[in-house]
1. Please specify each residue of segment 187-207 satisfying the condition of being surrounded by 23 or more Cβ atoms within 10 Å (Cβ to Cβ) and either of a type in the set (Gly, Ala, Ser) or not in a loop (DSSP other than H, G, I, E, B) (or both).
2. Got at least one residue in segment 129-148 being under 30 Å from Tyr8 (Cβ atoms) and away from the ligand (no atom under 15 Å from the Cβ)?
3. Which helices (runs of 4 or more DSSP H) sit wholly inside segment 1-97 and have at least 3 residues that are in contact with a Leu (Cβ under 7 Å, 6 or more places away or on another chain) and within 30 Å of Pro309 (Cα to Cα)?
4. State all residues of segment 229-251 that are in a helix (DSSP H, G or I), under 18 Å from the mean Cα position of the chain (by Cα) and either more than 16 Å from Pro185 (Cα to Cα) or among the aliphatic types (A, V, I, L, M) (or both); if no residue qualifies, say none.
5. Scan segment 296-334 residue by residue and report those that are among the β-branched types (Val, Ile, Thr), part of a helix (DSSP H, G or I) and out of contact with any strand residue (DSSP E or B) (no Cβ under 9 Å at 6 or more places or on another chain).
6. Only residues in segment 143-166 that are of a type in the set (Ser, Thr, Tyr) count as the first member; pair them with residues that are away from the ligand (no atom under 11 Å from the Cβ) and assigned to a loop (DSSP other than H, G, I, E, B), Cβ under 6 angstrom, at least 6 apart or cross-chain, and list the lot.
7. Hey, among the residues in segment 155-185 that are within 8 Å of the ligand (Cβ to nearest atom) and in a loop (DSSP other than H, G, I, E, B), which one's farthest from Ala54 (Cα to Cα)?
8. Of the residues Ser346, Ser310, Ser364, Ser280, which single one is more than 21 Å from the chain's Cα centre (by Cα), under 29 Å from Glu249 (Cα atoms) and of a type outside the set (Phe, Trp, Tyr)?
Amino acid sequence: MVDLIGQYEKIKPEIDRAILDVISSSAYINGPEVKSFQAELEKYLKIKHVIPCANGTDALQIAMMALGLEPGDEVITASFTYVATAEVIALLRLKPVLVEVNPKTFTIDPVAFEKAITPKTKAVVPVHLFGQCAEMDKITAIAKKHNIFVIEDTAQAIGADYTLPDGTVHKAGTLGDVGCTSFFPSKNLGCYGDGGALFTNNDQLAAKIRMIANHGQSVQYYHDEIGVNSRLDSLQAAVLRIKLRHLDEYAAARNKAAAYYDKAFQGHPGIVIPAREPQSTHVFHQYTMMLTSASRDQLREFLKEKGIPSMIYYTVPVHLQKAYTDDRYKTMNFSSTEDLCRKVISLPMHTELSEESLKTITSSVLEFLNK
Ligand SMILES: Cc1ncc(COP(=O)(O)O)c(C=O)c1O
């Protein structure tokens, strides 16, 4: 699904030098590379504070801890997401409240979000799934009206631009109270191991996040809060500094591949291509389309025989997962989410897709569907 080796080969001299420099500096933890990466990402995102941490799941957890959410508080998020989003809510003994998505964009349905708000609701986590932003103007307006924190999960959409109704353009993850991202290797900005970060414009919140990510201390050995140990390694920061310089070019390569897929599949009665929303750019973490009638399993088998990988993100929505069952879901509508789980399929998407590969993939999909 991804070609990380091909991508590495193109930037090998820069990466190898940066890694060797860290090794010979011995500043493996919180070294200058981490601070430089933090400053460079702040500049790229046009945000006051970036706080690097160990992974995207930790970023979400630390955000919820820093916002002072307490056991029993309800946190609303989309059921059509990677489990990490809901997992940290439950782990902190908060109550995950899963809601329906907009089937066109795969992101949280603002109407379903507002309907799920109760006096116990303290936060919402819009997930910018597959690389396109959720409807942030509507979500932030609803959140403001009900005095609810907005924690953006931008693990799949770093670099996407969102245009607000007033015409101002903002990076994904910088519109809510706090943004959380992952630098998992296959992410659009991925390192060579685990990594993550939080973003905020709020000075006080940033200080609290920094403290919680560092064992609850802002002065060494004085622990004012219960915290965690969540750090980005210097080696990963060194890799990320180089890859950040290429991030926009990577997004352009992903968009070029997506445009090829779109052109090949547009208008086909068996395929619904991913929607592009005018207010958000798409950075195509995934190219995920919907099959209207064909057997997804058979298509996957057909592609596999030709050596073409495909994936299903996600087969089972979170509200139907054993660990997340809740009686309240019995009376809620999840028809779009459940339909998506039955019909979506993701095709290979990365920065190194050649026209030849795209031709083979698209002609194979069409060969199967037109049989
Ligand atoms: C939407 C979403 N949220 C959170 C995460 C968690 O990130 P990590 O794997 O770095 O913990 C991921 C990563 O897969 C993700 O896709």
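Rule-based calculations on the coordinates, nothing more; no lab input. Keep in mind that what you see is a predicted model, and the values were worked out from it rather than measured. Reconstructed Cβ throughout: ideal geometry from the backbone, glycine too, with neighbour counts over all protein chains shown.
1. Answer for segment 187-207, where residues must be surrounded by 23 or more Cβ atoms within 10 Å (Cβ to Cβ) and either of a type in the set (Gly, Ala, Ser) or not in a loop (DSSP other than H, G, I, E, B) (or both): Gly195, Gly196, Ala197, Leu198, Phe199, Thr200.
2. Taking segment 129-148 as the starting set, the residues that turn out to be under 30 Å from Tyr8 (Cβ atoms) are 129-133.
Okay, now just the ones that are also away from the ligand (no atom under 15 Å from the Cβ), so none.
Checking segment 129-148: not a single residue is under 30 Å from Tyr8 (Cβ atoms) and away from the ligand (no atom under 15 Å from the Cβ).
3. Numbers: elements: 4-25, 32-45, 56-66, 84-91.
Here the list reads 84-91.
4. Going through segment 229-251, the residues in a helix (DSSP H, G or I) turn out to be 234-245, 247-251.
Right, trim to under 18 Å from the mean Cα position of the chain (by Cα) and you get 240, 243-244, 247-248, 250-251.
Scanning segment 229-251 gives Leu240, Leu244, Leu247, Asp248, Ala251.
5. Hit for segment 296-334 is Thr331, nothing else.
6. Thr154/Ala172; Thr154/Gly173; Tyr162/Cys133; Thr163/Gln279
7. Among those that are within 8 Å of the ligand (Cβ to nearest atom) and in a loop (DSSP other than H, G, I, E, B), it is Gln156.
8. Details: Ser346 fails: more than 21 Å from the chain's Cα centre (by Cα); Ser310 fails: more than 21 Å from the chain's Cα centre (by Cα); Ser280 fails: more than 21 Å from the chain's Cα centre (by Cα).
Result of the check over Ser346, Ser310, Ser364, Ser280: Ser364.
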